[in-house]
Amino acid sequence: MTWETWLAFSAASALLMIIPGPTILLVISYALGQGWRAALPMAVGVALGDFTAMTLSMLGLGALLAASATVFTVLKWAGAAYMVWLGIKLWRAGGALNAKPRSGGASMARMLGHAWIVTALNPKSIIFFVAFLPQFLNPNADFLTQMAVFETTFLVLAFANALGYALIASRARAAIRNERVVGAANKVGGSLLIGAGILTATTRAAQS
């Protein structure tokens, strides 16, 4: 794996994580209700959930790569289109952030388990990884090595992202609920996603 590929994967992963999805909304909900004590268990739960979903996706992609290079190439094109679709959807999302505070007693183990289950069992997570990861996989390189590098990188970033969201939500509750701030972030993130999808597609066309 080249440094350029790893840096591109890291940058794309960080961008996609910043965009609030079901998992991040759950993190924010707990942080709004439980405060900073929710940060660590939620971050660990998110990382474990991403590890579960990503491992399942990578194993499936490995089997697909071994079975048919043509199907794998088609999946790369589909993944680029999926990124553009996600960007358009995010652009049109507006500034509403549906994250209600989760008050009441919640142990650290319960918060960790909830984050793990929501992240791992969300079908969109596996679909996302199946569409996203092929853009960076090299069919001619060792698959297990790439799998280890990509998973380690993604999990470190996922942990840091969830931890950061939880701490920000517990300390700056007004900002996290500001529709203008959320709306601007959605539009910037959506634009970058669309651009990443188009760049991936044009690069794929140039290589064909």
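The values are calculated or read from the model by the stated rules, or taken from the named source; none is laboratory data. The structure displayed is predicted, hence computed values, not measured ones. Don't worry about glycine lacking a Cβ; one is built from the backbone with ideal geometry, like all the others, and counts go over all protein chains shown. Ligands, DNA and RNA are excluded from the accessible area calculation, which covers all protein heavy atoms including side chains. Shrake-Rupley method; radii C 1.70, N 1.55, O 1.52, S 1.80 Å.
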Quiz item: Amide H neighbours of Arg102 under 5 Å, counting only residues 5+ apart in sequence or on other chains, H built in-plane at 1.01 Å?
Solution: Tyr30, Leu32, Gly33, Gln34
Self-check item: J(HN,Hα) series, the stretch 161-171, from Karplus relation 6.51 cos²θ - 1.76 cosθ + 1.60, nearest Hz, glycine and proline x
Solution: 5, 5, 4, x, 4, 5, 5, 5, 5, 6, 9
Quiz item: So how do 38-45, 2-9 stack up, highest first, on mean other-Cβ count within 10 Å?
Solution: 38-45, 2-9
Quiz item: Counting only protein chains, not ligands or nucleic acids, how are Lys89, Lys187 ordered by accessible area (probe 1.4 Å), most first?
Solution: Lys89, Lys187
Quiz prompt | Calculated from backbone phi, Karplus (6.51, -1.76, 1.60) coupling profile of the stretch 142-150 in Hz, x at Gly/Pro | solution = 5, 5, 5, 5, 4, 4, 5, 5, 5
Quiz prompt | Prolate/oblate/rounded call for the stretch 31-70, Cα gyration tensor, a/c under 1.5 rounded | solution = prolate
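Taking 30 Å as R0, compute the FRET efficiency from the Cβ-Cβ separation of Trp85 and Ala14 and round it to 0.05.
For Trp85 and Ala14, the calculated efficiency is 0.90.
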Self-check item: Inter-probe distance in nm under a simple model that places probes 7 Å from Cα toward Cβ, at Arg37 and Ala106
Solution: 1.2 nm
Self-check item: Per-residue HN-Hα couplings for the stretch 51-64 [Karplus 6.51, -1.76, 1.60; θ = phi - 60°; Hz; x = Gly/Pro]
Solution: 4, 5, 5, 6, 5, 4, 5, 5, 5, x, 5, x, 5, 5
